[in-house]
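Q: My questions all concern the structure below.
The values are calculated or read from the model by the stated rules, or taken from the named source; none is laboratory data. As the structure is a computational prediction, the values presented were derived from the model and not from experiment. Neighbour counts are summed over all protein chains in view; Cβ atoms, including those assigned to glycine, are modelled from backbone coordinates with ideal geometry.
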Amino acid sequence: MAISLKVNGATRSVDAEPDTPLLYVLRNDLELNGAKYGCGLTQCGACTVLVNGAARRSCVTPVGSIEGNEVTTLEGLGTLDKPHPLQKAFIDEQAAQCGYCASGMIMAAADLLNRNPQPQEADVRAALADNLCRCGTHNRIIRAVLRAARQNGRI
Amino acid sequence: MDAPRLTRRDFTAALGGIVLSFSLVPKVALVQEPARLPGSLQTNRTLDAWLRINADGSVTVFTGKVELGQGIVTALAQIAAEELEVPLGRVTMISGDTGRTPNEGQTAGSQSIEQSGTALRMAGAEVRALLIGLAARKLGVSADTLKVTDGVIHAPDGRKVGYGELTAETDLKREATAKVPPKPAAQYKIVGKSAPRIDIPAKMTGGAAFVQDLRLPGMVHGRVVRPPRYGARLDSFDEARVKAMPGVIAVVRDGSFLGVVARREEQAINARLVLIEFAKWSGGSELPDPAKMYEQLMSLRSEDRVIGEKDAPVPVGAKVLEATYHRPYQAHAAIAPSCAVAELKDGKLTVWTHSQGVFPLRATIARALGLQPRDIRCIHAEGPGCYGHNGADDAAFDAAMLARAVNGRPVRLQWMRDDEFKWEPYGPAMTMKVKGAVAGGRVVGWTFDVWSQSHNMRPGDPDGINLMGSWYLADAKRPGPARHAAQPNGAGDRNAITLYDFPRQRTTHHLIMENPVRTSALRTLGAYANVFAIESFMDELAAAAGIDPVAFRLAHIKDERERAVIEAVAKAAAWKPGEKGDGRRGRGIGYARYKTVATYIAVIAEVEVNRTAGIVKVPRIWTSADAGQIINPDGLTNQIEGGVIQSMSWTLHEHVRFDRNGILSEDWMNYPILTMPDVPKVETVLINRPNERALGAGEAAQGPTAAAIANAFAAATGRRIRELPLTPERVKAALA
């Protein structure tokens, strides 16, 4: 059935069952690469997107449940040419090894900065506690979020 | 930003198949053994296998090594740009494609800089000299008067020729001589500086960066169903029910191999669940009893080899100590399960894969499916960080199986989380027994025995098919045998031979020939466990001798570079000779030279022990590393610190859970890893040796980190834990 979604500021119509996890609609129907499949069980955070500005695990969110809500993916934050302060900070800090977790980390950090624009390091660690990184890049990710927070007002 | 371009492998264009753009065999009659060439030039001997100069002055670099999140493609681009004297932004990298790149085997063992980097350095220097020679002829001047800047060759009189203008005359279809000396390190402008990684911007902005992001026209979605335990047979399943489900295109069964293809991804996932629900299985092998696992493994048939021996008498009255250490089965646990895209069209199979070795994978798929290698093309596309041989190759085979069932349509096969956790080849469980003798503050006797299953069951084995899905076909294939690997690399015995200067030592590798649990290469192979055991025992001997652990190590080291990293880390951490723990807090050191021939690294860890909860926290870690000539300092730091943190996760948290009936670790709840709140601050001191060979570093930190943490725990509490990981139960038992 046709479902109407607001994704990254645009209204999009997709033909999917309402119980389809949002993740697969974003990736396959809307061809957005940001949200990633990692576990499908809400355990790793790779699929994190924003729904009305708050972090949500898209792997278990039925697409039918978010009609009329604003969905933001990594692509909706910024682009290569005009990156969001978080994206720029992750690039500047080279905060990746494989980078597979990065989108989820950035979206969870965006949720944090929406709630708390000037977090302390402990706040960042707590906010990203349920986003797993396997390469051991955590410290760079923390530095990137703190850098983005410092620069947020100035960009 | 002046960053080199990384081709997205031009996914769609690649479908048509690209003809070989270089000659695989040099056009010379090989009447005698060909000259030994450095690095991977030895096996890929023509210049055009590595480099192409384009008419616009840009350079295309071909490498058989692939990006696994370790930053290697950027580092190799730096090396090529440096020797060719072109800006990094003018280099395009093509990596890991059986249709286009050199065959460099596996991207493994921290060898890419040494193998591919050396080849590119020598080939780059030679091509630069060729281009200068051509320009000299064109300008009618002597070659030694010419200078190159940014890909433009300048004559003293102001005339100039760009590389792009010489492409017509440049014939790189010739065997490399490796006779042109590369640039001296003092003249480096690109190598040795922190270049931003080529692949990172796309990954931060939603660009197509991973095999998971590949979308081909008409692509459909596949899932596979695995047995409940190793070796079980599929007796029956409800094919009709699944075929009637929405979107299902094909149900694939071959013996006990079972999979499904559907139009939409969620339809394939739902179909898989119904296949699982109604499938009936029988047989299969029992797993070891986890309570007696190490004894059972050591009782299996093994091939024993003395790999190191040095004899001297043990002085009368020496104090003798013995200890046994264990490391459990541990998972790669990549952040996403394995994935591959495959398409069979007009008899040609194309597989996009995050395999570490596209050439061995192609050869093994060919043997498993009875195809010719020339009819298969394997193209590397990035996956999540792999840390060794995970499910990537198996997923590639599974995708090929499904693609055969929907001839002409590309299939994206994604393993589910439990597929990866339960079926990946783990890092083997290991036992290390050490016996040492000390007299007069020195180690005077040392015996080290290590028991381990195989650490190398990768595709490419000549006597077996190391692709898991093929073992379940009606015409079942068999895996290859466990094999010893020669020192100094070794496998289960990697870093088993002590680096210390002991007058007497004997080291024996007991290679377990059976595979009760599926295992293969996990980052560092046996080095993680062997260094953990050796360096733990060094602290035990130091304590027995009443000597500070740092001083005790230095007393047994002659090599200046070995001493330098230990001294540097002690300085960085402000180590106080004889420092003591306070029951709760303490520090410890671990040291190794990876593989005996690669990066030197020392690690100091500080732990805080919650004695009632049994929880070990590691607030700080210091490291010092000497990887010879540093190519990309930031990339090296990232690799070292990542290795430290991953090792800390292994050391404190990780072991595969199972019972006699099957694997129980199937997601992150029953295979927990280190998380953000517990990550330590890591301080790294790099020792650059610009005139020394660049050394592999990606796996250097893991062993020393495990030992540093275990030694810090012992320093803090006076009790030693010899079995990994340091779980709350073990901590509480040790402190009881």
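Q: Are there any pairs with C-beta distances below 6 angstrom linking a residue in region B:43-54 that is part of a loop (DSSP other than H, G, I, E, B) to a residue that is among the acidic types (Asp, Glu) and at pLDDT 95 or above, with the two at least 6 apart or on different chains, and if so which?
A: Taking only residues 6 or more apart or on different chains, the pairs are B:Arg45/B:Glu175.
Q: Does any residue in region B:635-651 that is more than 8 Å from chain A (Cβ to nearest Cβ) and at positive phi come within less than 8 Å, Cβ to Cβ, of a residue that is charged (D, E, K, R) and not in a helix (DSSP H, G or I) six or more places away or on a different chain, and which pairs are these?
A: Listed by first residue and then by second, the contacts come to nothing, as the list is empty.
Q: List the number of the failed condition for B:Ser23; all other conditions in (1) modelled with pLDDT of 95 or more; (2) assigned to a loop (DSSP other than H, G, I, E, B); (3) in contact with an Asp or Glu (Cβ under 7 Å, 6 or more places away or on another chain) hold.
A: (1)
Q: Has region B:660-671 got any residue that is surrounded by fewer than 24 Cβ atoms within 10 Å (Cβ to Cβ), touching a Cys at 6+ places or on another chain (Cβ under 8 Å) and assigned by TED's automatic domain parsing to the domain that holds B:Arg587? Reasoning before the result, please.
A: First pass over region B:660-671, keeping only residues surrounded by fewer than 24 Cβ atoms within 10 Å (Cβ to Cβ): B:660-662, B:664-671.
Narrowing the set further to residues that are touching a Cys at 6+ places or on another chain (Cβ under 8 Å) leaves B:667-668.
Next, only the ones that are assigned by TED's automatic domain parsing to the domain that holds B:Arg587 stay: B:667-668.
The answer is yes; a qualifying residue exists.
Q: Let me spell it out: the conditions are (1) of a type in the set (Asp, Glu); (2) away from chain B (no Cβ under 11 Å); (3) under 30 Å from A:Arg143 (Cα atoms), and A:Asp92 meets all of them except one. Which number is the exception?
A: Only one criterion is unmet by A:Asp92, namely (2).
Q: Which is hydroxyl-bearing (Ser, Thr, Tyr), at pLDDT 95 or above and more than 30 Å from B:Leu361 (Cα to Cα), of B:Thr149, B:Thr167?
A: Numbers: B:Thr167 fails: at pLDDT 95 or above.
Going through B:Thr149, B:Thr167 in turn, the sole match is B:Thr149.
Q: Test B:Ile615 against the stated conditions and say whether it is touching a residue at least 60 places away in the same chain (Cβ under 8 Å) and surrounded by 21 or more Cβ atoms within 10 Å (Cβ to Cβ). Don't jump to the end; show me each part of the working.
A: Details: touching a residue at least 60 places away in the same chain (Cβ under 8 Å): yes; surrounded by 21 or more Cβ atoms within 10 Å (Cβ to Cβ): no.
Judged against the criteria, B:Ile615 is not a match.
Q: Next question. Please go through (1) touching a strand residue (DSSP E or B) at 6+ places or on another chain (Cβ under 8 Å); (2) surrounded by fewer than 16 Cβ atoms within 10 Å (Cβ to Cβ) for B:His154 and return the number of the only condition it doesn't satisfy.
A: (2)
Q: While we're here: Whether any residue in region B:77-90 is part of a helix (DSSP H, G or I), β-branched (Val, Ile, Thr) and within 14 Å of another protein chain (Cβ to nearest Cβ) is what I want to check.
A: First pass over region B:77-90, keeping only residues part of a helix (DSSP H, G or I): B:77-84, B:88-90.
Going one step further and asking which of them are β-branched (Val, Ile, Thr), we end up with B:79.
Imposing the further condition that a residue be within 14 Å of another protein chain (Cβ to nearest Cβ) reduces the set to none.
No; the residues of region B:77-90 include none that is part of a helix (DSSP H, G or I), β-branched (Val, Ile, Thr) and within 14 Å of another protein chain (Cβ to nearest Cβ).
Q: Let me confirm something: among A:Ala129, A:Ala110, which residue is away from every other protein chain (no Cβ under 11 Å), under 17 Å from the mean Cα position of the chain (by Cα) and either in a loop (DSSP other than H, G, I, E, B) or crowded, with 20+ Cβ neighbours inside 10 Å (or both)? Before the answer, list the steps.
A: Numbers: A:Ala129 fails: away from every other protein chain (no Cβ under 11 Å).
Among A:Ala129, A:Ala110, only A:Ala110 is away from every other protein chain (no Cβ under 11 Å), under 17 Å from the mean Cα position of the chain (by Cα) and either in a loop (DSSP other than H, G, I, E, B) or crowded, with 20+ Cβ neighbours inside 10 Å (or both).
Q: Filter region B:697-736 down to the residues that are touching a residue at least 24 places away in the same chain (Cβ under 8 Å), among the aliphatic types (A, V, I, L, M), assigned to a helix (DSSP H, G or I) and farther than 22 Å from B:Lys595 by Cα and list them by number.
A: Looking only at region B:697-736, we keep the residues that are touching a residue at least 24 places away in the same chain (Cβ under 8 Å), and these are B:697-718, B:720, B:722-732, B:735.
Filter again for among the aliphatic types (A, V, I, L, M), leaving B:697, B:700-701, B:706-710, B:712, B:714-716, B:724, B:726, B:731, B:735.
Now narrow it down to the ones that are assigned to a helix (DSSP H, G or I): B:706-710, B:712, B:714-716, B:731, B:735.
Scanning region B:697-736 gives B:Ala712, B:Ala714, B:Ala715, B:Ala716, B:Val731, B:Leu735.
Q: Can you list the helices (runs of 4 or more DSSP H) found entirely within region B:332-447 that contain at least 3 residues being surrounded by 24 or more Cβ atoms within 10 Å (Cβ to Cβ) and more than 14 Å from every other protein chain (Cβ to nearest Cβ)? Show your work before the answer.
A: On the way: elements: B:358-369, B:392-405, B:417-423.
The helices (runs of 4 or more DSSP H) meeting that bar are B:358-369, B:392-405.
Q: Of all residues being part of a strand (DSSP E or B) and within 14 Å of chain B (Cβ to nearest Cβ) in region A:1-12, which is nearest to A:Gly99 (Cα to Cα)? Just the residue, please. If you could, list the steps in order and put the result at the bottom.
A: Filtering region A:1-12 down to residues part of a strand (DSSP E or B) leaves A:2-7, A:10-12.
From the residues that got through so far, the ones that are within 14 Å of chain B (Cβ to nearest Cβ) too are A:3, A:7.
Working: A:Ile3: 31, A:Val7: 23 Å.
Of everything passing the filter in region A:1-12, A:Val7 is nearest to A:Gly99 (Cα to Cα).
Q: Of all the residues that make up region A:13-29, how many are in a strand (DSSP E or B) and buried (at least 16 other Cβ atoms within 10 Å of the Cβ)? Full working, then the answer.
A: Residues of region A:13-29 in a strand (DSSP E or B): A:13-15, A:21.
Filter once more, so that each one left must be buried (at least 16 other Cβ atoms within 10 Å of the Cβ): A:14, A:21.
Final tally of qualifying residues: 2.
Q: Same structure again: In region B:96-110, is there at least one residue being assigned to a helix (DSSP H, G or I) and surrounded by 21 or more Cβ atoms within 10 Å (Cβ to Cβ)?
A: As a first pass, look at region B:96-110 and keep what is assigned to a helix (DSSP H, G or I): none.
Within region B:96-110, not a single residue is assigned to a helix (DSSP H, G or I) and surrounded by 21 or more Cβ atoms within 10 Å (Cβ to Cβ).
Q: Evaluate region B:173-194: report whether one residue or more is within 12 Å of chain A (Cβ to nearest Cβ) and either among the polar types (S, T, N, Q) or surrounded by 14 or more Cβ atoms within 10 Å (Cβ to Cβ) (or both). Break it down stepwise before answering.
A: If we filter region B:173-194 for residues that are within 12 Å of chain A (Cβ to nearest Cβ), which is where we start, we get B:194.
In the following step, the residues that additionally are either among the polar types (S, T, N, Q) or surrounded by 14 or more Cβ atoms within 10 Å (Cβ to Cβ) (or both) were identified as B:194.
Looking through region B:173-194, at least one residue is within 12 Å of chain A (Cβ to nearest Cβ) and either among the polar types (S, T, N, Q) or surrounded by 14 or more Cβ atoms within 10 Å (Cβ to Cβ) (or both).
Q: In region A:140-147, is there at least one residue being touching a Phe, Trp or Tyr at 6+ places or on another chain (Cβ under 7 Å), more than 7 Å from chain B (Cβ to nearest Cβ) and buried (at least 16 other Cβ atoms within 10 Å of the Cβ)?
A: Our first condition is that a residue be touching a Phe, Trp or Tyr at 6+ places or on another chain (Cβ under 7 Å); within region A:140-147, this holds for A:144.
Next, only the ones that are more than 7 Å from chain B (Cβ to nearest Cβ) stay: A:144.
Cutting the leftovers down to buried (at least 16 other Cβ atoms within 10 Å of the Cβ) gives us A:144.
Looking for residues that are touching a Phe, Trp or Tyr at 6+ places or on another chain (Cβ under 7 Å), more than 7 Å from chain B (Cβ to nearest Cβ) and buried (at least 16 other Cβ atoms within 10 Å of the Cβ), one finds at least one in region A:140-147, hence yes.
Q: Can I ask one more? From A:Gly53, A:Gly40, A:Gly34, A:Gly76, which residue is at the interface with chain B (Cβ under 7 Å from one of its Cβ atoms), out of contact with any Lys or Arg (no Cβ under 8 Å at 6 or more places or on another chain) and small (Gly, Ala, Ser)? Show your work before the answer.
A: Details: A:Gly53 fails: at the interface with chain B (Cβ under 7 Å from one of its Cβ atoms); A:Gly40 fails: out of contact with any Lys or Arg (no Cβ under 8 Å at 6 or more places or on another chain); A:Gly76 fails: at the interface with chain B (Cβ under 7 Å from one of its Cβ atoms).
Just a single option satisfies the conditions, and that option is A:Gly34.
Q: Tell me which residues, restricted to region B:225-263, are within 23 Å of B:Ser470 (Cβ to Cβ) and of a type in the set (Lys, Arg).
A: Of everything in region B:225-263, those that are within 23 Å of B:Ser470 (Cβ to Cβ) and of a type in the set (Lys, Arg) turn out to be B:Arg226, B:Arg229, B:Arg233, B:Arg253.
Q: So which helices (runs of 4 or more DSSP H) are wholly in region B:226-321 and hold at least 3 residues that are within 14 Å of chain A (Cβ to nearest Cβ)?
A: On the way: elements: B:239-243, B:265-278, B:293-299.
Passing ranges, in order: B:265-278.
Q: When only residues in region B:453-498 that are within 26 Å of B:Glu420 (Cβ to Cβ) and polar (S, T, N, Q) count, which is surrounded by the fewest Cβ atoms within 10 Å (Cβ to Cβ)?
A: By that ranking, first place goes to B:Asn456.
Q: Checking the conditions here, which among B:Gly308, B:Gly347 is at positive phi and not hydrophobic (A, V, I, L, M, F, W, C)? Full working, then the answer.
A: Numbers: B:Gly308 fails: at positive phi.
Going through B:Gly308, B:Gly347 in turn, just one is at positive phi and not hydrophobic (A, V, I, L, M, F, W, C): B:Gly347.
Q: Here is a follow-up. Specify which of the listed residues (A:Gln43, A:Gln87) is within 21 Å of B:Asp678 (Cα to Cα) and either outside any strand (DSSP E or B) or outside the structural domain of A:Asp19 (by TED's automatic domain parsing) (or both).
A: The conditions single out A:Gln43.
Q: Is it the case that some residue within region B:133-142 is under 17 Å from B:Val91 (Cα atoms), at pLDDT 95 or above and either in contact with a helix residue (DSSP H, G or I) (Cβ under 7 Å, 6 or more places away or on another chain) or surrounded by fewer than 16 Cβ atoms within 10 Å (Cβ to Cβ) (or both)? Talk me through it step by step, then tell me what you get.
A: Initial filter on region B:133-142 (under 17 Å from B:Val91 (Cα atoms)): none.
No; the residues of region B:133-142 include none that is under 17 Å from B:Val91 (Cα atoms), at pLDDT 95 or above and either in contact with a helix residue (DSSP H, G or I) (Cβ under 7 Å, 6 or more places away or on another chain) or surrounded by fewer than 16 Cβ atoms within 10 Å (Cβ to Cβ) (or both).
Q: Among the residues of region B:276-297, is there at least one that is hydroxyl-bearing (Ser, Thr, Tyr), within 30 Å of A:Ala16 (Cα to Cα) and touching a Phe, Trp or Tyr at 6+ places or on another chain (Cβ under 6 Å)? Before you say what the answer is, go through the steps one by one.
A: Initially, region B:276-297 is screened for residues hydroxyl-bearing (Ser, Thr, Tyr), giving B:282, B:285, B:294.
Now narrow it down to the ones that are within 30 Å of A:Ala16 (Cα to Cα): none.
Checked against the condition, which is being hydroxyl-bearing (Ser, Thr, Tyr), within 30 Å of A:Ala16 (Cα to Cα) and touching a Phe, Trp or Tyr at 6+ places or on another chain (Cβ under 6 Å), region B:276-297 yields no hits at all.
Q: Can you name the residue in region B:632-687 that is part of a helix (DSSP H, G or I) and among the β-branched types (Val, Ile, Thr) and is also nearest to A:Val124 (Cα to Cα) among such residues?
A: Start the filter on region B:632-687 by keeping residues that are part of a helix (DSSP H, G or I), which leaves B:633-653, B:676-678.
The next check asks that each one be among the β-branched types (Val, Ile, Thr); those that pass are B:637, B:640, B:644-645, B:651.
Details: B:Thr637: 22, B:Ile640: 23, B:Val644: 21, B:Ile645: 18, B:Thr651: 24 Å.
Within region B:632-687, the match that is nearest to A:Val124 (Cα to Cα) is B:Ile645.
Q: Which residues, counting only those in region B:609-663, are among the aromatic types (Phe, Trp, Tyr), closer than 21 Å to B:Pro677 by Cβ and more than 21 Å from the chain's Cα centre (by Cα)?
A: Scanning region B:609-663 gives a single hit, B:Trp622.
Q: May I pose another question? Please list, ordered by first then second residue, the pairs with beta carbon atoms under 8 Å, 6 or more apart or interchain, first in region B:551-579 and on the phi > 0 side of the Ramachandran plot, second in a loop (DSSP other than H, G, I, E, B) and of a type in the set (Asp, Glu).
A: B:Gly578/B:Asp548
Q: Same structure, new question: Report yes if A:Thr79 is in a strand (DSSP E or B), among the hydroxyl-bearing types (Ser, Thr, Tyr) and at pLDDT 95 or above, otherwise no. Spell out how you get there, then give the answer.
A: Details: in a strand (DSSP E or B): no; among the hydroxyl-bearing types (Ser, Thr, Tyr): yes; at pLDDT 95 or above: yes.
Taking the combined requirement at face value, the residue does not satisfy it.
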